[in-house]
Amino acid sequence: MELTQGKALSTVERLYQDYGFRARELKGQGEKIIGYVCSFVPLELIKASGAIPFRIRGNIFEPITKGDTLLETIVCPYYRSCFDLSVKDKYEFLSGVVIPHGCDSMVRSFSTWSYGLPYSYFHFVNIPTVCEESSFEFFEEELNTFRKSLEKFFGKTITDEELSRVIRIYNENREKVRALYELRKADPPLISGTELTMTLTAGSSLPIEEANDLFDQVVAEVKARGSSPLKKGPRILIDGACLDHIELIKLVEDLGGHVVADAICNGARDHFPKTDVTLPPIKALSQRYLDKVNCPKTYRANKAGTFEGDIANRFGDIGAYAKEFKAEGAILYVYKYCDPFGFEVPARKAYYQSLNLPMLHLEDIYSAGTMGQLRTRIQAFLEMIG
Amino acid sequence: MTKVVILKEEIIASVVGPTGPEQRRLANKVMEETLRKASLSFPQITYIVSTGYGRINVPFSDRQVTEVTCHARGIVHLFSGARTIIDIGGQDSKGIKIDASGKVVDFVMNDKCAAGSGRFIEVIADTLGIPLDQVGALSLQSSHPVKISNICTIWAQQEVVSSLAEGVPVADLLAGIHYSLADRIVRMVSRLRVEDLVILTGGGAKNKGLIKALSEQLNRSVLVPPNPLITGALGAALIGKEMVEKARKNKTPIETRERVFKEVEIL
């Protein structure tokens, strides 16, 4: 695959490869950078406090070493890699870290992060694991606690006006991501899956305004291609947790497929849901993060009364994406020891069957070393649906 | 093992040779031998499809197709009613589900652990000093198969050694080993919802003890092709033949590599 790479995509590649260099620069200029993991940290609050949210990433090419002296291997390999890099001072420019109750590993290891790392600010966002009326009430209070904690650390009041302004900027960002996804709809797609995930990953290392500019530039640059330089191939949806590296997507695309849709954290799960600007800001944030971010860690009561109805309710967004982006197959990519996704595999499998969408389930350990083993499976899957 | 099948209407020649550390040179050797057996010269071969782990290491192959697709194609050619294929090789094991039209609809693979592959039996056979081609028949003589509790190949090996020291008959140990491997494979392929006809292929299909253990645990009869080592290569040849026939029908050019044996430099 040879794609013409203009200025915007070259910037993306640099931000992706040397992840955090812009944040380091900004720190040098006196900015405060707050690291976070997972889709459940309300970034709007961090931004409104005057700091810059920065998504902590793992590195599949870097063996986990120092981190394993503090965390047991029962913790999922993706999260261990994030921790390992933090312990090895890869993110030394951070002033603090915010972690939500996104999975068992996050809640159980929060104390390890807080005593294992030298930052001066730590906060745990206690997002409920159920989604009922009382959960929203609780979560609004929890968001106010987070707000106060940030106000105390930065010595600055977060007003509702400022929060509403920031919410609008983040909503703009989500619209720009949508514009990037629109470029996937052509067959073959105008933008490769590798380019798109690289762009979103690069964006999560930048101040939101800079990410917005970058996404605009990428959209313009890719649109200028006119027609797709890619060859037609099976259209694939990737489903799973946080896929903050391009290797798996690149493997699919090297083998002749195209990743055209996803239900992953640093993809549609994070970037599609918008915040309701007609509601008071804390209430709106509570609804967005608790209800609209569709993650298996949230228990949703079976309102349909049947298994078929339940899976249709829980995973309806995946089916809608598959339809919208004309996916011909799905890859469910699950990290070993991932509790939210691990428990869901049979239900998700049944859902894909109900859609008549062929699905390949891959379990992996967040390491570049396993890509060879995955190659045969992915190639066989593409041959099967091709 | 490296396998070659040359196909015209039916199989003209097939050879099974060892795969050494120098895979690329060995593909040449086995290919040369097969050509000799078929009395053909290399340029007479219209199209070559390579498959398996070494598929990228065959310098003269025109196309690479995975062993999942090739095994399925080869087995469906031999058994038109096949619905479930179990392939047990020395590197991995696989389950493949096929629909009524012969198309692959799902598959599972184990390539992470030796205990789920034919390697498990190879290691134990070696520990007991029994040639691999005899372990199956020997296991059938068992009257009280031993329960092997270790899943890891290395620990199972130790368990076998200590049971041997306690005087447990070799046949009972071997039967236990076959049941242990069959148990893991049945659990893996059960995810595909096994349907008849069930075909066992790969090196594991040459082992009578394994066939018995598998069919008991699946509660179904398990069929075996006449030459289970070559079903993947046969499938590759059939796929190559179809591609050429299709290209000729549509009058599209057939792109092939040069038919010469090159000594590939290995880094």
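Just need a number here: residues in segment B:58-74 that are facing another protein chain (nearest Cβ under 9 Å) and not in a helix (DSSP H, G or I).
Result for segment B:58-74: 3.
So B:Ser41 fits all but one of (1) of a type in the set (Gly, Ala, Ser); (2) buried (at least 20 other Cβ atoms within 10 Å of the Cβ); (3) more than 22 Å from B:Arg193 (Cα to Cα); what number is the exception?
(2)
Go through segment A:236-251 and give me each residue that's surrounded by fewer than 24 Cβ atoms within 10 Å (Cβ to Cβ) and within 13 Å of A:Leu382 (Cα to Cα).
A:Leu251
Scan A:Ser227, A:Ser286 and give me the residue that is at pLDDT below 95, hydroxyl-bearing (Ser, Thr, Tyr) and more than 13 Å from the chain's Cα centre (by Cα).
Exactly one of A:Ser227, A:Ser286 is at pLDDT below 95, hydroxyl-bearing (Ser, Thr, Tyr) and more than 13 Å from the chain's Cα centre (by Cα), namely A:Ser227.
Could you please find all residues in segment B:2-27 being assigned to a loop (DSSP other than H, G, I, E, B) and modelled with pLDDT of 85 or more?
Result: B:Lys8, B:Glu9, B:Glu10.
Residues in segment A:364-374 that are facing another protein chain (nearest Cβ under 9 Å) and in contact (Cβ under 8 Å) with a residue 24 or more places away in the chain: how many?
0
Conditions first: (1) away from every other protein chain (no Cβ under 14 Å); (2) surrounded by fewer than 19 Cβ atoms within 10 Å (Cβ to Cβ); (3) of a type outside the set (A, V, I, L, M). A:Tyr351 passes all but one, so which condition is the exception?
Just one mismatch for A:Tyr351, condition (2).
Which of the helices (runs of 4 or more DSSP H) contained wholly in segment A:208-301 include at least 1 residues that are among the polar types (S, T, N, Q) and assigned by TED's automatic domain parsing to the domain that holds A:Ser367?
Helices (runs of 4 or more DSSP H) meeting the threshold: A:281-287.
Tell me which helices (runs of 4 or more DSSP H) are completely within segment B:121-235 and hold 3 or more residues being without any contact (Cβ under 8 Å) to a residue 12 or more places away in the chain and over 30 Å from B:Arg63 (Cβ atoms), or say none if there are none.
Result: B:153-165.
So, in segment B:224-237, of the ones that are more than 15 Å from A:Glu383 (Cα to Cα) and among the hydrophobic types (A, V, I, L, M, F, W, C), which residue ends up surrounded by the fewest Cβ atoms within 10 Å (Cβ to Cβ)?
B:Val224
Residues in segment A:11-31 that are under 22 Å from the mean Cα position of the chain (by Cα) and not hydrophobic (A, V, I, L, M, F, W, C): how many?
10
Looking at A:Leu196, A:Leu183, A:Leu150, which is the one that is surrounded by 21 or more Cβ atoms within 10 Å (Cβ to Cβ), touching a Pro at 6+ places or on another chain (Cβ under 9 Å) and modelled with pLDDT of 95 or more? Spell out how you get there, then give the answer.
Details: A:Leu183 fails: surrounded by 21 or more Cβ atoms within 10 Å (Cβ to Cβ); A:Leu150 fails: touching a Pro at 6+ places or on another chain (Cβ under 9 Å).
Answer to the selection: A:Leu196.
Could you grab me the full set of residues in segment A:316-346 that are assigned to a helix (DSSP H, G or I) and touching a residue at least 40 places away in the same chain (Cβ under 8 Å)?
Taking segment A:316-346 as the starting set, the residues that turn out to be assigned to a helix (DSSP H, G or I) are A:316-324, A:339-346.
Once the filter is applied, which keeps residues that are assigned to a helix (DSSP H, G or I) and touching a residue at least 40 places away in the same chain (Cβ under 8 Å), segment A:316-346 yields A:Asp317, A:Ile318, A:Tyr321, A:Ala322, A:Glu324, A:Asp339, A:Pro340, A:Phe341, A:Phe343, A:Glu344.
So which of B:Gly95, B:Gly90 is surrounded by fewer than 20 Cβ atoms within 10 Å (Cβ to Cβ) and outside the structural domain of B:Leu238 (by TED's automatic domain parsing)?
After ruling out the rest, the residue left standing is B:Gly90.
Considering only residues that are farther than 23 Å from B:Lys97 by Cα and more than 14 Å from chain B (Cβ to nearest Cβ), which ones fall in segment A:333-343?
A:Tyr335, A:Tyr337, A:Cys338, A:Asp339, A:Pro340, A:Phe341, A:Gly342, A:Phe343 - these are the residues of segment A:333-343 that are farther than 23 Å from B:Lys97 by Cα and more than 14 Å from chain B (Cβ to nearest Cβ).
Any chance you could count how many residues in segment B:95-108 are at the interface with another protein chain (Cβ under 9 Å from one of its Cβ atoms) and either assigned to a loop (DSSP other than H, G, I, E, B) or out of contact with any helix residue (DSSP H, G or I) (no Cβ under 6 Å at 6 or more places or on another chain) (or both)?
3
How about segment B:111-120: which of its residues are outside any helix (DSSP H, G or I) and either crowded, with 20+ Cβ neighbours inside 10 Å or more than 13 Å from every other protein chain (Cβ to nearest Cβ) (or both)?
Keep residues of segment B:111-120 that are outside any helix (DSSP H, G or I), which gives B:111-113, B:117-118.
Answer for segment B:111-120, where residues must be outside any helix (DSSP H, G or I) and either crowded, with 20+ Cβ neighbours inside 10 Å or more than 13 Å from every other protein chain (Cβ to nearest Cβ) (or both): B:Ser117, B:Gly118.
Considering each residue of segment B:147-174, count those that are more than 27 Å from the chain's Cα centre (by Cα) and aliphatic (A, V, I, L, M), and give that number.
Adding up the residues that qualify gives 4.
Kindly establish whether A:Gly155 is small (Gly, Ala, Ser) and out of contact with any helix residue (DSSP H, G or I) (no Cβ under 6 Å at 6 or more places or on another chain).
yes
What tally of residues in segment B:28-57 results from selecting those that are under 20 Å from B:Asp111 (Cβ atoms) and either more than 10 Å from chain A (Cβ to nearest Cβ) or not in a helix (DSSP H, G or I) (or both)?
Number satisfying all stated conditions: 6.
Tell me whether segment A:126-135 contains one or more residues that are acidic (Asp, Glu), out of contact with any Ser or Thr (no Cβ under 8 Å at 6 or more places or on another chain) and at pLDDT 95 or above.
Among the residues of segment A:126-135, not one is acidic (Asp, Glu), out of contact with any Ser or Thr (no Cβ under 8 Å at 6 or more places or on another chain) and at pLDDT 95 or above, which makes the answer no.
Which residue out of A:Ala322, A:Ala330 is more than 14 Å from chain B (Cβ to nearest Cβ), modelled with pLDDT of 95 or more, in contact with a strand residue (DSSP E or B) (Cβ under 6 Å, 6 or more places away or on another chain) and surrounded by 14 or more Cβ atoms within 10 Å (Cβ to Cβ)?
Values: A:Ala330 fails: more than 14 Å from chain B (Cβ to nearest Cβ).
Exactly one of A:Ala322, A:Ala330 is more than 14 Å from chain B (Cβ to nearest Cβ), modelled with pLDDT of 95 or more, in contact with a strand residue (DSSP E or B) (Cβ under 6 Å, 6 or more places away or on another chain) and surrounded by 14 or more Cβ atoms within 10 Å (Cβ to Cβ), namely A:Ala322.
Are any residues in segment A:83-96 surrounded by fewer than 24 Cβ atoms within 10 Å (Cβ to Cβ) and outside any loop (DSSP other than H, G, I, E, B), and if so, which ones?
Residues satisfying the conditions are A:Asp84, A:Leu85, A:Val87, A:Gly96.
What are the pairs with Cβ atoms under 7 angstrom where one residue, in segment A:140-164, is in contact (Cβ under 8 Å) with a residue 12 or more places away in the chain and the other, located anywhere, is of a type in the set (Phe, Trp, Tyr)? Sequence gap at least six, or different chains.
Every condition considered, the pairs that remain are A:Phe153/A:Tyr121.
The values are calculated or read from the model by the stated rules, or taken from the named source; none is laboratory data. All values derive from a computational prediction rather than experimental measurement. Virtual Cβ from ideal backbone geometry, glycine too; neighbours counted across all protein chains shown.
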